[in-house]
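Written out below as structure tokens is the structure these notes cover.
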Amino acid sequence: MGIIDRANLDRIFTGFKGAYAKGFDGAKSVYPTVAMTVPSTTSEEIYGWLGQLPRMREWIGDRVIKNLSAHGFTIKNRKFESTVSVPRERIEDDHYGIFAPAFEELGKAAAEHPDELIFDLLAKGFTSECYDGQYFFDTDHPVGSSGGDFPVTSVANTDGGAGEPWFLLDCSRAIRPLIYQERIPYKLTALDDDTDEKVFFRDEYIYGTRARSNAGFGLWQLAWGSRQTLDAAHYEVGRNAMQKFKGDEGRLLGVRPTHLVVGPDNEKKAFDLINAATLENGASNAWKGTVEVIVTPWVHAA
């Protein structure tokens with residue numbers, strides 16, 4: 001290349017952005033399936049409406065207005081970055097093309113980062129609180145209303161255990177079991193001016209991606225977490241319990257599991273349970289095709 005000027009640097013950055021976009025667009029992220037994406041406009045968002053899944057009722061007398069500010073649950077945005085450097089002499093000598101795979105990986109990592117946030121949080125649900133002050137997966141979620149027709153009782157969305165975790169989720173609704181909160185989307189920027197400090201002192205151009213976002217828990221009623229052995233018996237327990245979940249007014253919520261989320265250690269068990277025509281004992285598999293399986297490396301025992 002010889003002379004490095006603004007036009008050449010812009011052209012090189014365009015190439016790097018193309019490689020970044022290729023990696024970003026080609027990534028197989030699955031977080032939109034299990035999490036609702038919520039745009040954020042401040043450093044944090046308060047989800048006062050969590051805990052309410054409206055159901056229709058017969059209109060007798062006045063309307064019953066549901067309070068959507070019964071719970072105060074806040075998700076604070078976090079800042080994330082990933083940065084790479086390209087030595088100036090590589091560009092001077094026209095060797096910058098060898099860095100294209102690195103920028104493609106940078107794009108892939110950015111696209112998959114929400115998966116990491118969402119599924120890592122899901123795996124921590126046995127020890128992390130949600131909107132009602134209980135662990136997301138707990139045996140003591142309070143359901144009901146004090147002084148109402150449906151007294152408060154404790155409801156479980158886990159059957160415990162000590163093994164590799166697996167999760168049943170209802171992802172059929174506008175509200176999801178998890179929340180991906182996005183303040184600033186992932187963007188690739190360059191520090192490639194000769195007057196920039198890094199360029200002047202270290203003789204290298206800096207490129208990086210930045211985002212502000214976070215993950216949080218949505219409705220525990222749409223999720224079942226287990227660390228029991230993933231088999232037909234425990235799968236049935238989870239499905240049965242979820243379909244019996246009720247709201248604070250005592251009416252069924254109509255929850256139906258749509259996805260089974262597992263880590264690598266439960267992958268074979270999950271596909272055998274959901275895809276096989278028969279079980280290990282030779283009996284017909286009643287659970288064949290009842291949910292879709294999601295396998296992610298970020299689901300593992302904490």
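Here are a few things to note about the model shown:
- Protection-proxy order for peptides 123-132, 192-201, each taking the mean of Cβ atoms within 10 Å per residue, highest first: 123-132, 192-201
- Selection among Ala190, Thr42, Ala111 by position relative to the dipole of the chain gives Thr42 as farthest towards the positive end (Cβ unit charges, Cα centre).
- Cβ-defined net charge surrounding Phe126, 14 Å radius [Lys, Arg +1; Asp, Glu -1]: -4
- In Hz, Karplus ³J(HN,Hα) per residue of segment 156-169 (6.51, -1.76, 1.60; θ = phi - 60°; x = Gly, Pro): 9, 10, 7, 10, x, x, 9, x, 5, x, 9, 9, 9, 10
- Among (i) 26.4, 106; (ii) 22.4, 92; (iii) 24.3, 83, the entry that matches Rg and Dmax of the Cα atoms in Å as calculated here: (iii)
- Antiparallel DSSP beta bridges within the chain, percent to nearest 5: 80
- The orientation-averaged shadow of the Cα convex hull for segment 173-263, equal to a quarter of the hull surface, comes to 10.1 nm².
- Unit charges on C-beta of K, R, D, E only; dipole of the chain, Debye: 1060
- Length gained when the stretch Asp93-Trp298 is fully extended (0.36 nm per residue, less Cα-Cα span): 69.7 nm
- Taking the chain as a Gaussian network of alpha-carbon nodes connected by springs under 10 Å, the highest mean-square fluctuation of the residues Gly282, Gly160, Gly26 belongs to Gly282.
- Options Ala102, Val143, Ala156, ranked by Cα towards positive dipole end of segment 71-156, top entry (Cβ charges): Val143
- FRET efficiency for Lys76 and Asn281, using Cβ-Cβ distance with R0 set to 41 Å, rounded to 0.05: 0.25
- Under-5 Å amide H pairs with Val38, H placed in peptide plane, nonlocal only: Tyr180, Gln181, Glu182
- Amide H contacts of Asp248 (H built 1.01 Å from N, under 5 Å, at least 5 apart or other chain): Gly144
- Segment 72-99 residues near the modelled Leu191 label - backbone nitrogen below 16 Å, point 7 Å along Cα→Cβ: 80-88
- Whole-number percent relative contact order across segment 174-228, with pairs defined as alpha carbons under 8 Å at least 6 apart: 49
- Cα extents of segment 74-231 along the three principal axes, largest first (Å): 76, 37, 27
- Around Trp298: net Lys/Arg minus Asp/Glu count, Cβ-Cβ under 12 Å: -3
- Phi-derived couplings, Karplus 6.51 cos²θ - 1.76 cosθ + 1.60 at θ = phi - 60°, listed residue by residue for segment 232-244: 4, 5, 6, 4, 5, 4, x, 4, 4, 5, 4, 6, 9 Hz, with x used for Gly and Pro.
- Distance-filtered residues of segment 173-190 - backbone nitrogen under 20 Å, label point 7 angstrom along Asp25 Cα→Cβ: 185-189
- Sequence-distant contacts, meaning Cα pairs under 8 Å at least 6 residues apart, place the relative contact order of the chain at 22 percent.
- Couplings for segment 118-135, taken from phi via the Karplus curve 6.51 cos²θ - 1.76 cosθ + 1.60 with θ = phi - 60°, read 5, 6, 5, 5, 4, 5, 8, x, 6, 10, 10, 7, 10, 5, 8, x, 9, 4 Hz in order; Gly and Pro are left as x.
Since every read-out is calculated from the coordinates, none of them should be taken as a lab result. Bear in mind that the values here come from a model prediction, so they are computed numbers and not experimental data. Virtual Cβ from ideal backbone geometry, glycine too; neighbours counted across all protein chains shown.
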